[in-house]
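Q: Below you'll find the structure I mean.
The values are calculated or read from the model by the stated rules, or taken from the named source; none is laboratory data. If you're wondering where the values come from, they're calculated on a predicted model, not measured in any experiment. We place every Cβ from the backbone using ideal geometry, glycine too, and count neighbours over all the protein chains shown. Side chains are part of the model used for accessible areas, which takes the heavy atoms of the whole protein and leaves out ligands, DNA and RNA. Shrake-Rupley method; radii C 1.70, N 1.55, O 1.52, S 1.80 Å.
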Amino acid sequence: MATLQAVIFDVDGVLVDSYQAHYESWQLACLERGLEMTSDQFIATFGRTSREIIVDLWNSQVATPAAVAELEDRKEVLFRELLKQRFPLMEGAADLIAALHQAGFRLAVGSSGPPDNVHLVLDRLQRRACFHGIVTGVDVQRGKPDPQVFLIGAERAGVAPADCVVIEDAPVGVAAAHAAGMKCIALASTGRVRESLVAADLVVDSLRELGPERIARLLAPD
């Protein structure tokens, strides 16, 4: 590979099928505080940070920064407990990471999630040594669709944004990748339909549809 190229992975819905664990943990955290989140509201939150979600949905009921932080922390603790009980690793994720690493791609993670969530997934994947950069929600001030998370990922991987491909599952993530000047592959994972991801450069139903050659073709000059 003459020019360094990178693949930046989102985590939720890309490396782990965490849809159910996130939904259940929001429901449990809301129940404890007399709040409500509908399934439509939940689906609309994909790709955003928990603190952004809390402020947008319950600004009048969770009115102080301390209360926002408390609810955010509680929700994420519940999420990790559920994920540890049932860890649905995304089919093909470990094999794709290994193949890209072997082919010479730089790899990074660009997630809006808390560090503990991201590191739990990487530990279960057993592919941590393949990654050159890890970006989590504590590293960014602006959530997706802002490109900050992916620009930091490219910087940590040591690769120019134009030579990066992002793998995402949410429309806001696709928008963030394009705003960063990167190509984007969208994975139609749980809770997603292909029609919502048409802005991506490529839409797949499984990570097993991808490999180093196919991803490299996305980065080839037009």
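Q: Express the Stokes-Einstein translational diffusion coefficient of region 75-222 in µm² s⁻¹, to the nearest whole number, given a Kirkwood radius over alpha-carbon pairs, 25 °C and a viscosity of 0.890 mPa s.
A: Translational diffusion coefficient: 156 µm²/s.
Q: Would you mind counting up the charge near Thr190? Only other residues with Cβ under 12 Å from its Cβ, with Lys and Arg at +1 and Asp and Glu at -1.
A: Values: positive: Arg192; negative: Asp12, Asp17, Glu91, Asp169, Asp205.
So the environment of Thr190 carries a net charge of -4.
Q: Under 5 Å between amide hydrogens, which residues at least 5 positions from Gln5 or on another chain qualify, with H placed 1.01 Å from N in the peptide plane?
A: Result for Gln5 returns Arg106.
Q: Further question on the same structure: Report, in deg cm²/dmol and to the nearest 500, the calculated mean residue ellipticity at 222 nm for the chain, where each DSSP H run with n ≥ 4 adds -39500 (n - 2.57) and the sum is divided by the residue count.
A: Value at 222 nm, helices only: -13500 deg cm²/dmol.
Q: Tell me the net charge near Leu83. Cut-off is 14 Å between Cβ atoms, Leu83 excluded, with +1 for each Lys or Arg and -1 for each Asp or Glu. Write out the running numbers ahead of the final one.
A: Values: positive: Lys75, Arg80, Lys84, Arg86, Arg124; negative: Asp12, Asp17, Glu24, Glu76, Glu81, Asp116, Asp123.
My count for the surroundings of Leu83 gives -2.
Q: Would you tell me the accessible area of Ser111, worked out with a 1.4 angstrom probe on the heavy atoms of the protein chains, in Å² to the nearest 10?
A: Counting only protein heavy atoms, Ser111 exposes about 0 Å² to solvent.
Q: If you don't mind, another one. Just to confirm, what accessible area per residue do you get for region 13-70 at 1.4 Å probe, in whole Å²?
A: 49 Å²
Q: Sort region 65-124 into rounded, prolate or oblate with this rule: let a ≥ b ≥ c be the square roots of the eigenvalues of the Cα gyration tensor; rounded if a/c is under 1.5, and if a/c is not under 1.5, prolate when a/b is larger than b/c, oblate otherwise. It would help to have the intermediate numbers written out before the result.
A: Details: a/c = 4.42, a/b = 1.96, b/c = 2.25.
Oblate.
Q: Moving to a separate point now. To the nearest 20 Debye, how big is the dipole of the chain about its Cα centre, given +1 on the beta carbon of each Lys and Arg and -1 on that of each Asp and Glu?
A: Its charge dipole is roughly 400 debye.
Q: Still on this structure, I have one more. Tell me, what ³J(HN,Hα) does each residue in region 22-36 have, in order and in whole Hz, if you take phi through Karplus 6.51 cos²θ - 1.76 cosθ + 1.60 with θ = phi - 60° and put x for Gly and Pro?
A: 5, 5, 5, 5, 5, 4, 5, 5, 5, 4, 5, 10, x, 9, 9
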